[in-house]
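The values are calculated or read from the model by the stated rules, or taken from the named source; none is laboratory data. If you're wondering where the values come from, they're calculated on a predicted model, not measured in any experiment. Here the Cβ positions follow ideal geometry from the backbone for every residue, glycine too, while neighbour counts run over all protein chains shown.
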Amino acid sequence: SQRILEVADLKKHFPIRGGLFGTTVGNVYAVDGVSFHIDKGETLSLVGESGCGKSTVGKAVLRLFPLTAGRVVLNGTRIDDMPSGTLRPLRRQMQVVFQDPFSSLNPRMRVKDILAEPIRNFGLAKGGADMDRRVAELMDKVRLPRDAVHRWPHEFSGGQRQRIGIARALAADPDLIVCDEAVSALDVSVKAQIVNLLQDLQSELGLAMLFISHDLAIVEHMTHRVAVMYLGKIVEVADRRTLFGQPRHPYTEALLSAVPVPVPGAARERVVLQGDVPSPIKPPPGCRFHTRCPYAFDRCRVEEPPLADTGGGHLAACHLNDRPAAANPLLNKAPP
Ligand code: SF4
Ligand code: MG
């Protein structure tokens, strides 16, 4: 399969300025060494609580700000250190769907102009008739009536607006779509429709998708692989079934325990984490999760666990996975 996106050891630190002269007095280690890839036709979900750095990863991939360190390779071309002028035409290949369909569409533009803008910017249409055809096809793709192109954003519901946002992203004919909490602001019933639409489009068009979400209940039904973030790092990566069925990181286990199981009587054992997420200004030494981990032991406080393959491409950053299976508490839960 074709590799669309490769991210290696990505870091984004935001300097904190203070004192009389505005000198740098510290850093927010928002993203602190993150690596992953997405292939053509694949969805990778990036999950974690708010503030874990997942949106910053999305913005870094889209090159919305300069990176502190690391490599971002899009369709075989390294873009992390590319000057913005050189990058501009490549932006067509990566598009974004934002969280809020109410603020992300220009209220002074009709839908047809909203959709025409990226087509024009990237020089994709061969004349007016081709432009009209492309706009009409985008409406078909997101299952909106073609004649709605003459209407204004305020004439649509939240779910319809998000369809327009998706159509706008598709207008550039991208290879990668970044969805940053793209369904989080929508009503429950609409959420499912938009998730289904994204899934359909993703497979129809063979898109690579980075689906950023705090909502594991949604991710459980739509992704190929999942990467779990905690305090600026990825702590676990696995295919969907493996991650939801047999997590190998205590943080993932805790997140999953809060996700409702649709089978009566088959609830996951609830794991309630102690304390708050530590500040990304001063992350804990050793394993960053040790201050809240129910299984933490001495080694965790001093030695950082690497994100290592526990078998079959299932990556986890936890010292428990060094133990024989019989002595690993993550693998010895009573079945639900
Ligand atoms: Fe918990 Fe230790 Fe594993 Fe970190 S390395 S998740 S503290 S058991
Ligand atoms: Mg966010």
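Looking at (1) touching a helix residue (DSSP H, G or I) at 6+ places or on another chain (Cβ under 7 Å); (2) within 16 Å of ligand 2 (Cβ to nearest atom); (3) hydrophobic (A, V, I, L, M, F, W, C), which one does Val219 not meet, given that it meets all the others?
Answer for Val219: the failing condition is (1).
Would you check which residues across region 172-216 are assigned to a helix (DSSP H, G or I) and either under 12 Å from the mean Cα position of the chain (by Cα) or within 16 Å of ligand 2 (Cβ to nearest atom) (or both) and list them?
Leu216
Quick check on my filter: what residues within region 39-52 are within 9 Å of ligand 2 (Cβ to nearest atom) and surrounded by 24 or more Cβ atoms within 10 Å (Cβ to Cβ)?
Cys52, the sole residue that qualifies.
Name every residue in region 61-109 that is of a type outside the set (Val, Ile, Thr), more than 28 Å from Val195 (Cβ to Cβ) and assigned to a loop (DSSP other than H, G, I, E, B), in order of residue number.
If the condition is that a residue be of a type outside the set (Val, Ile, Thr), more than 28 Å from Val195 (Cβ to Cβ) and assigned to a loop (DSSP other than H, G, I, E, B), then Phe65, Pro66, Leu67, Gly76, Asp80, Asp81, Met82, Pro83, Arg108 are the ones that fit.
Restricting attention to region 252-272, does a residue exist that is assigned to a helix (DSSP H, G or I), away from ligand 1 (no atom under 16 Å from the Cβ), touching a residue at least 24 places away in the same chain (Cβ under 8 Å) and surrounded by 15 or more Cβ atoms within 10 Å (Cβ to Cβ)?
The answer is no; no qualifying residue exists.
Criterion first (in contact (Cβ under 8 Å) with a residue 60 or more places away in the chain, under 25 Å from Pro278 (Cα atoms), part of a helix (DSSP H, G or I) and touching a strand residue (DSSP E or B) at 6+ places or on another chain (Cβ under 8 Å)) does Gly58 satisfy it?
Answer is yes for this residue.
For region 303-334, name all the residues that are at pLDDT 95 or above, among the small types (Gly, Ala, Ser) and not in a loop (DSSP other than H, G, I, E, B).
If the condition is that a residue be at pLDDT 95 or above, among the small types (Gly, Ala, Ser) and not in a loop (DSSP other than H, G, I, E, B), then Ala308, Ala316 are the ones that fit.
May I ask you to say which residue of Ala238, Ala185, Ala217, Ala171 is under 30 Å from Pro280 (Cα atoms) and surrounded by 23 or more Cβ atoms within 10 Å (Cβ to Cβ)?
Ala238
Somewhere in region 39-50, is a residue over 28 Å from Met139 (Cβ atoms) and either part of a helix (DSSP H, G or I) or more than 18 Å from the chain's Cα centre (by Cα) (or both)?
no
Among the numbered criteria (1) part of a loop (DSSP other than H, G, I, E, B); (2) within 16 Å of ligand 2 (Cβ to nearest atom); (3) in contact with a helix residue (DSSP H, G or I) (Cβ under 8 Å, 6 or more places away or on another chain), which one does Pro280 miss?
(3)
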